[in-house]
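The values are calculated or read from the model by the stated rules, or taken from the named source; none is laboratory data. All values reported here derive from a predicted model rather than from experimental measurement. Neighbour counts are summed over all protein chains in view; Cβ atoms, including those assigned to glycine, are modelled from backbone coordinates with ideal geometry. For accessibility, only protein heavy atoms count, side chains too; no ligands or nucleic acids. Shrake-Rupley method; radii C 1.70, N 1.55, O 1.52, S 1.80 Å.
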Amino acid sequence: MNSVERLVHMANQIATNLATDAAPVAAVADHIQQFWDPRMKKMIFAHGTAGLSPVAAAAISLLADAQNGA
Amino acid sequence: MTYQPQNDFGTPESRSDETVSLTIDGRNVTVPAGTSVMRAAAEKGTSIPKLCATDSVKSFGSCRLCLVEIDGRRGTPASCTTPVEPGMVVRTQTPHLAKLRKGVMELYISDHPLDCLTCAANGDCELQDQAGAVGLRDVRYDVQATHLGQEKDHSNPYFDFDPSKCIACSRCIRACDEVQGTLALTMEGRGWGSKISAGLASDNFLESECVSCGACVQACPTATLVEKKVVEVGTPERSVVTTCAYCGVGCTFRAEMRGEQLVRMVPYKDGKANRGHSCVKGRFAWGYAQHQERILKPMIRKSISDPWREVEWDEAFAYTASELKRISAKYGRNALGGITSSRCTNEETFLVQKLIRAGFGNNNVDTCARVCHSPTGYGLKTTFGTSAGTQDFDSVEDTDVILIIGANPTDGHPVFASRMKRRLRGQDGRPGAKLIVIDPRRTDIVRSPHIEAQHHLPLRPGTNVAVLTAMAHVIVTEGLADEAFIRERCDWDEYSHWAEFVSQARNSPENLQPVTLVDAEELRAAARLYATGGNGAIYYGLGVTEHSQGSSTVMAIANLAMATGNIGRRGVGVNPLRGQNNVQGACDMGSFPHELAGYRHISDGNARKLFEDDWGVTLDPEPGLRIPNMLDAAVDGVFKALYCQGEDILQSDPNTAHVSAGLAAMECVIVHDLFLNETANYAHIFLPGSTFLEKNGTFTNAERRIQPVRKVMTPMNGLEDWEVTQRLAQAMGLDWNYTHPSEIMDEIARLTPTFAGVSFARLDEVGSLQWPVTADAPDGSPIMHVDGFVRGKGKFVVTDYVPTDEKTGPRFPLLLTTGRILSQYNVGAQTRRTENVAWHPEDLLEIHPVDAEDRGVKSGDWVKLASRAGETTLRATVTDRVAPGVVYTTFHHAVTQANVVTTDFSDWATNCPEYKVTAVQISASNGPTEWQEEYEALSTRSRRVETGIAAE
Ligand code: SF4
Ligand code: SF4
Ligand code: SF4
Ligand code: FES
């Protein structure tokens, strides 16, 4: 796995484990916001949503929008 | 201060709340009911002569030296076996007693060699003292030769057994039995002629069941069992109380010294974690501190293919600072980072993370807890609100059901295991606690002398969450949940949501059995026992955390404890057994990239401001890189410099090939350690470290207990570790001027609410403190969440079982799980440099007879262990401790490099690596793998020092 693939894998893993949360997309976005360093976030934003599960993809988009909006 | 052994009160303390008053030698004495006359006298400073009694074990009454006279009683009862009674009138010294005692001593001495002047225990021998105390001047009996002239047993590397000096008092047997719980010793023959032996008469200590804890040596009143070191250097002349630097139990010791030379480490009776007990590591395995391979001078080199060049400290600091500045200027400040050590003190750890946050200007700081208990931090914080265990160790004394999951306490946390065993065996008529063990292996505690687990659930590695969810299913669907507790303490809606989830038919034990391989009926019975058996306490270890669902498992454990009301009082709780001595402290001190000291998120503006004002800097509000992320970033070419204090990530972290690629891609790797460890093969700068004997500071153990570490000798390398970090910071231009670690603790206390009341002065006064230490709890907090959870309402979190991505298949059909053993510690850098290698000279692969036979493997054969990540070779041992389909090994030896085969799958929430599950294949082997050979060559090359002599 190279670094981007690993990030995709991690995001999916987080999404799977938070699937039972009341608001999974927000929970995944919050988790990534809290624990990933800026470069990791930037890398996955640049990578886009390929290979991401629907919840992970939605969470990444949510974060990316918030980042751009800010 | 001259040498004094710790006071011996003769018999154990009574825990009764009732008191009894009596008169001893005309003085009034009031003691708890159940106290012996001997102890009552000793507490008033009257020592009654004694030989077979000592306060670590129950009295036995065999030597008849402690006789006293009691008004209204016939004869002369033994004071060690006579409990006090109200109004008793006792005399300890009369002419009649003196005569009787002299007679007893005469008998003993007539069967004892009279070589006191040349005896190792001369001056520290109770037989000698008592002969003096009773005024023995000559011996009328002929010399008896019951014990004299027997051969010594030198087999144990740390203590000798000289049976000729034995007085058959049985203190050693009782200590092994009651204190350690191993029952390695037996007494043959009867009365006067009885002889002690380890196991069978034909066994020696090394080959017996003995685990070398030293309890018998401590209990022995003569030189029969004596430390080899005392034989070698003589008896100590002073002592300093300090804390063991090995495991998270945090035993308190007296370092007994002769000048600057350490003679022995003796467990301290007033130590609140260990209560006078020890294990082989803390008691004996400290020889690494003076090992010839220790590096004492700083060394630098331009490239890792160059030999090392020794330099003075000044040059080392100047060079290191210039390299860090160069890299920061060239690649940006985020190219720098560091790793704090769970073996160093709180003060040292705090300084390293401060250097990174305030000096490097980023949050790229992590610690080895990443690879062990980071899921504990995440899981317990989410559910309860604090990243730590809920109880003190004493709490186990009030536990009725002990549930151990993914922990092997007799090997990993031996002194606490002994305390657990005491409770499991019952005492003084009180029945023992019940035991449930959830572990793929049949660990020692499942079946040991006088202990048999009620339930052992040998699950398939990687299915912890499924097993715990199934237990929750049983508890909820059978109506065993403690709803009153939940309504009062937890969020009811969250509970309902969780209860509904676990109640689903798909989560029943029967339905999950094919996944977990745990018998459904057995699981149901275990769940019922935990829920209804009285006070239930959960103890867990790395078998819980080191999984892709490590954090989920911690939360599943917390759910179970809340659902059954097992939180917030003595005897219950959720207790992570921490690996390294200060892993709790390292986490508390802000070693994680997203958290400041005291577990406050770096994005929390108020917390940040506190630090910014104190330190006079601006902090980056974004989390930094975790260790695996640092390595990825290094491979990507953007992470270039690492300051690594007291950790050996190349050996301890998973997927060695990836770690070495990351390290090799950096331009400046600074290793600050005692030895040229494996990571140092990739280092450009080596800063020699100091041992726990050479510095002041504090460690925090698994029960949140902050304990002093005290300097007993001058650092051989010249500087304590905190001084090294400070000098480096100064070289980088930071204005740091600490003159003593106590000032660092003052800063920690100022910036961390849970440490508000901690200071060196307070610790000196009370011995130790369990955080939180606040205005509300000035003496600390042995038990947490007493009147409600720290986060407010306890939070139930739904934890759905997600199988790991690491799957067995035709090429890799077996599951490898890893662990450790008693005599070795972590990557073994310390213990391999002690005589402990006598017990564990190499890592072995445990394999079930069926799997072994399929592959034509026998015990002792070399086998190749291969996974998707890599392969290594080691020797096999065939045993049914592991289930079919599962293999197990330790990772204490660098040559084995078990982590060559572990993968970089990790916990979803924290990136804690999944050490406990790797799909592997085993095959016959004809020698070391290519990796092992190449690595061996690299190590040799990399350890050259310019003088031409290899350092290791
Ligand atoms: S060292 Fe410990 S285990 Fe060994 S015989 Fe003595 S008390 Fe028992
Ligand atoms: S070895 Fe020591 S403790 Fe054991 S019976 Fe002999 S004298 Fe007593
Ligand atoms: S149990 Fe742990 S802290 Fe105690 S002596 Fe052994 S290694 Fe040291
Ligand atoms: S000390 Fe009491 S009988 Fe030995």
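Before rounding to the nearest 500, sum -39500 (n - 2.57) across all DSSP H runs of length at least 4 in chain B and divide by the residue total; then give [θ] at 222 nm in deg cm²/dmol.
-8000 deg cm²/dmol
Where does chain B land on the Kirkwood hydrodynamic radius, alpha-carbon pairs, in angstrom?
29.5
Arranged from highest to lowest average of other beta-carbon atoms within 10 Å per residue, in what order do the peptides B:107-119, B:568-580 appear?
Order by mean packing, descending: B:568-580, B:107-119.
Return the subset of A:K41/B:K640; B:K325/B:K354; B:K58/B:K272; B:K640/B:K864 for which the Cα-Cα distance in this structure is over 23 Å, preserving the input order.
From A:K41/B:K640; B:K325/B:K354; B:K58/B:K272; B:K640/B:K864, over 23 Å: B:K640/B:K864.
Under a Cβ-only charge scheme (Lys and Arg +1, Asp and Glu -1), can you give me the dipole magnitude of the protein assembly as shown about the Cα centre, in debye to the nearest 20?
In total the dipole reaches around 1240 debye.
Could you give the alpha-carbon Rg of the range B:1-148 over 2.2 N^0.38 Å, rounded to two decimals?
Working it through for the range B:1-148, the quotient is 1.10.
Among all the lysines, which ones have a C-alpha under 22 Å from B:K795's C-alpha, if same-chain residues fewer than 8 places away are not counted?
B:K381
What length, rounded to one decimal in nm, is gained on full extension from B:S16 through to B:K609, with 0.36 nm per residue of separation minus their alpha-carbon distance?
Gain in length upon complete extension: 208.4 nm.
Positive end of the charge dipole of the range B:15-116 (Lys, Arg +1 and Asp, Glu -1 on Cβ, about the Cα centre): tell me which of B:T94, B:F60, B:P113 has its Cα farthest that way.
B:T94
Over 29 Å between C-alpha atoms is what I'm after, so list which of A:K42/B:K609; B:K44/B:K152; B:K269/B:K695; B:K609/B:K711; B:K695/B:K916 land there.
The pairs that break the limit, which is 29 Å between Cα atoms, are B:K44/B:K152; B:K609/B:K711; B:K695/B:K916.
Given the whole protein assembly as supplied and a 1.4 Å probe, what does the accessible area of A:K42 come to in Å², nearest 10?
Near enough 140 Å² of accessible area.
Relative to the longest principal axis of chain B, what angle (0 to 90°, nearest 10) does the C-alpha long axis of helix B:492-503 take?
Around 90 degrees separate the two axes.
Rounded to the nearest 0.05, what FRET efficiency do B:R326 and B:S859 give with R0 = 45 Å and r taken as the Cβ-Cβ distance? Could you check?
Between B:R326 and B:S859 the formula returns 0.25.
Dipole size in debye (nearest 20) for the range A:3-69 around its Cα centre, Lys and Arg Cβ +1, Asp and Glu Cβ -1?
200
Quick check for me: using +1 on Lys/Arg Cβ and -1 on Asp/Glu Cβ, what's the dipole size of chain B about its Cα centre, in debye to the nearest 20?
1420
Sort the following peptides by mean Cβ neighbour count (other Cβ atoms within 10 Å, averaged over residues), highest first: B:620-627, B:645-652.
My ranking of the peptides, most packed first, is B:645-652, B:620-627.
Where does each of B:W771, B:W862 land when they are ordered by accessible area, with a 1.4 Å probe and the largest first?
Correct descending sequence by accessible area is B:W862, B:W771.
Ordering B:H450, B:H154, A:H47 by accessible area with a probe of 1.4 Å, largest first, what comes out?
B:H450, B:H154, A:H47
Could you pull out which residues in the range A:5-23 have an amide N less than 13 Å from a spot 7 Å beyond the Cα of B:R506, following the Cα-Cβ vector?
Zone members listed by number: A:19-20.
For the range A:3-69, what is the convex hull volume of the alpha-carbon atoms per residue, in Å³?
73
Can you tell me, using C-alpha contacts under 8 Å and at least 6 residues apart, the relative contact order of chain B as a whole percent?
13
Report, in degrees rounded to the nearest 10, the 0 to 90 angle that the Cα long axis of helix B:741-751 makes with the longest principal axis of chain B.
Approximately 60 degrees, to the nearest ten.
Note the per residue figure in Å³ for the convex hull of the C-alpha positions in the protein assembly as shown.
Spread over its residues, the Cα hull of the protein assembly as shown gives 174 Å³ apiece.
When the C-alpha atoms of the range B:354-462 are aligned to their principal axes, what extent does each axis show, in angstrom, from largest down?
Principal extents (largest minus smallest coordinate, Cα): 60, 32, 25 Å.
Could you sort the peptides A:52-62, B:16-26 by per-residue average Cβ neighbour count (10 Å cutoff), highest mean leading?
For the peptides A:52-62, B:16-26, the packing ranking is A:52-62, B:16-26.
Describe numerically, in nm with one decimal, the distance between label points set 7 Å from Cα along Cα→Cβ at B:R238 and at B:N204.
Inter-label distance under the simple model: 3.7 nm.
If you take the charge dipole of the range B:853-936 about its Cα centre, with +1 on Lys and Arg Cβ and -1 on Asp and Glu Cβ, which of B:V901, B:A866, B:I922 is farthest toward its positive end?
B:I922
Could you give me D for the range B:220-336, from Stokes-Einstein at 20 °C and 1.002 mPa s, where the hydrodynamic radius is the Kirkwood radius over C-alpha pairs? Units µm² s⁻¹, please.
119
Quick one: P(r) of the range B:699-778 from all Cα-Cα pairs, 10 Å bins, percents rounded to integers, in order of increasing distance.
16, 42, 31, 10, 0
Any chance you could check the Cα centroid distance between the range B:483-543 and the range B:249-276 for me, in angstrom?
41
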